[in-house]
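This report refers to the structure that appears directly beneath it.
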Amino acid sequence: MIIFEKSVKQRAINKKILYLHINKKIINKSPQTLEEMAKHYINQDYPVYISYAWKNKDYPGIETDVDNLCQALEDNGIFYERDKKAGNPLCPYRYSISECEEKIGQGCAVIMFISEKSIKSLHCMHEWKCIKDRGDIKNRVFPVVLEDAELTNPNKFKEYYHYFEQLKQDLVNQLLEGIVPLTDAQSKALYNRVYTSDLQDLYQFLSDYNKSSLKIIRNNNYSVIIEQLTEHLNNIVPKSTKEILNPSVNTRSQKWPFVAAAVVLLALLTYWIVPKLTQIPKSNSTNTTTEDVVGNDTPDIIWSTSPQWPYGKWTGGTKDGKPHGDNVTVIYLTNCVYNPKDPLKRVSNPGQKVVGYFEDGNLIIGDIYDENENLIERNFEPKL
């Protein structure tokens, strides 16, 4: 015997339960618990992320505070994700830590526990950079400042700044030594100048906005964060999502506007947008361009060129229209000083190829080849 669902509300709830199963948001929950979860969260598709440095010797109870905050979020119907979460961790086994940090950076809301350890952590600073680059930090970031951070103290900030400057030099020395390779976190840190500019942005952010200490937030049972998070999520979660999470209307009667919109969009694509795309002229942009084939001997290499760096072409990292990063290959098409800081002002020759590490178009260290691919000099350092 087939039992049909009589309630539109029940169908919507069952649809949400199916979503939770497919996306592995829940594990080993009873049917009653699943139904409650489907009704419960106000932001199932818009999770709140939590960023913090665990195993903090100065604050051994930091994970307990994060656990208590997570429980408060759960009790108030706010769906969250963190690195350690029973059944559904943000960074499970064999998952990329870097991708996890970038996922946090793209979140609609991030609670940041800021401590001295997190500030000095390359992983936490990479998270902050991703958060900052996503924009709208005034609305998206909810800072919790631990007492030892003291980032807004100018003297303490100088200490952090010099720490990163020394770390940058240590990483450069490690790279030049060529024995111990850089980790992914170290490579990203070196590429971003060890987050010194991002540290300055964090200083300005914490200085310009009123923030609460962990003690104040804890004593109020996290109500300060909960209230503002709820208001923020209510402003960004689409109405249609809220109706699925808390179905109280006949959704069938509301389907026709979406069908009509889909028909109009299809008509636009068929009769207007697609023909327009076929008539787009070639761009005369001054931004970085690529050429698919360069020479008969390297048909698969994609080379970059840019008016900002008119001395040749390159493959690999690019920043502001210039070669930048590790494992960059440059072919010089004209004479160019390898690095302005070189006291000897040594100059490239047209046709030379250099494979190495560049910063803003300037060679830091690399191997030099002539136009016939013969090695001229290995580990050439123009600044020395």
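All of the numbers you see were taken from the coordinates with simple rules; none came from a lab. Keep in mind that this is a model prediction, so the values were computed, not measured. Positions of Cβ are generated from backbone atoms using ideal geometry, with glycine treated the same way; all protein chains shown enter the neighbour counts.
Positive-end ranking of 114, 137, 155 along the dipole of region 61-172, with charges on Cβ about the Cα centre, is headed by 137. For region 71-152, applying the loop criterion from DSSP together with a ceiling of 14 other beta carbons within 10 Å to the GluC sites (Glu not before Pro) yields 147.
The slack between residue 45 and residue 219, meaning 0.36 nm per residue of separation minus the straight C-alpha distance, is 59.7 nm. Computed across region 289-380, the Kirkwood hydrodynamic radius from all distinct Cα-Cα pairs reaches 13.1 Å.
Assuming charge only on the beta carbon of Lys and Arg (+1) and of Asp and Glu (-1), the dipole of region 311-384 about its Cα centre is about 200 debye to the nearest 20.
In plain terms, the chain from residue 373 to residue 64 could stretch by 105.3 nm, reckoned as 0.36 nm per residue minus the Cα-Cα distance. Using R0 = 22 Å, the C-beta based FRET efficiency linking residue 120 and residue 97 works out to 0.85.
Here the label points at residue 209 and residue 136, each 7 Å from Cα along the C-beta direction, are separated by 1.3 nm in the simple model. Here the simple spin-label model places points 7 Å from the Cα toward Cβ, and for residue 301 and residue 177 these points are separated by 3.2 nm. Here region 171-235 is assigned +1 on the Cβ of each Lys and Arg and -1 on the Cβ of each Asp and Glu. Its dipole about the Cα centre then comes out at about 200 debye. The calculated FRET efficiency for the pair residue 156 and residue 57, based on their C-beta separation and a Förster distance of 22 Å, comes to about 0.75. Among the listed pairs 103/138; 313/345; 85/156, those with a Cα-Cα distance over 24 Å are 85/156.
What does a probe at residue 341 reach in region 364-384, counting residues whose amide N is under 19 Å from the point 7 Å along Cα→Cβ? Within reach of a label on residue 341, which here means backbone N under 19 Å from a point 7 Å along Cα→Cβ, region 364-384 contributes 364-367, 379-384.
The ellipsoid that matches the Cα gyration tensor of region 47-213 has semi-axes, each √(5λ) in whole angstrom, of 26, 20, 15, with the longest given first.
The distance linking region 49-118 with region 142-157 is 19 Å (Cα centroid to Cα centroid, whole angstrom). Ranking 364, 333, 354 by Cα position along the charge dipole of region 289-380, where only Lys, Arg, Asp and Glu carry charges on their C-beta atoms, puts 364 farthest toward the positive end. In sequence order, region 348-363 has phi-based couplings of 6, 10, x, x, 5, 10, 10, 10, x, 9, 10, 10, 6, x, 9, 6 Hz under the Karplus curve 6.51 cos²θ - 1.76 cosθ + 1.60, θ = phi - 60°, and Gly or Pro positions carry x. Charging the Cβ of each Asp and Glu at -1 and of each Lys and Arg at +1, and nothing else, the dipole of region 49-163 about its Cα centre rounds to 340 debye. Phi angles across region 123-135 convert, under the Karplus curve 6.51 cos²θ - 1.76 cosθ + 1.60 with θ = phi - 60°, into 3J(HN,Hα) values of 5, 5, 5, 5, 4, 4, 4, 5, 4, 5, 5, 5, x Hz, Gly and Pro given as x. In loop segments of region 70-142 as defined by DSSP, the trypsin sites (Lys or Arg not before Pro) with at most 10 further C-beta atoms inside 10 Å of their C-beta are 94.
Taking each residue as 0.36 nm, the span from residue 197 to residue 74 lengthens on full extension beyond its C-alpha to C-alpha distance by 40.7 nm.
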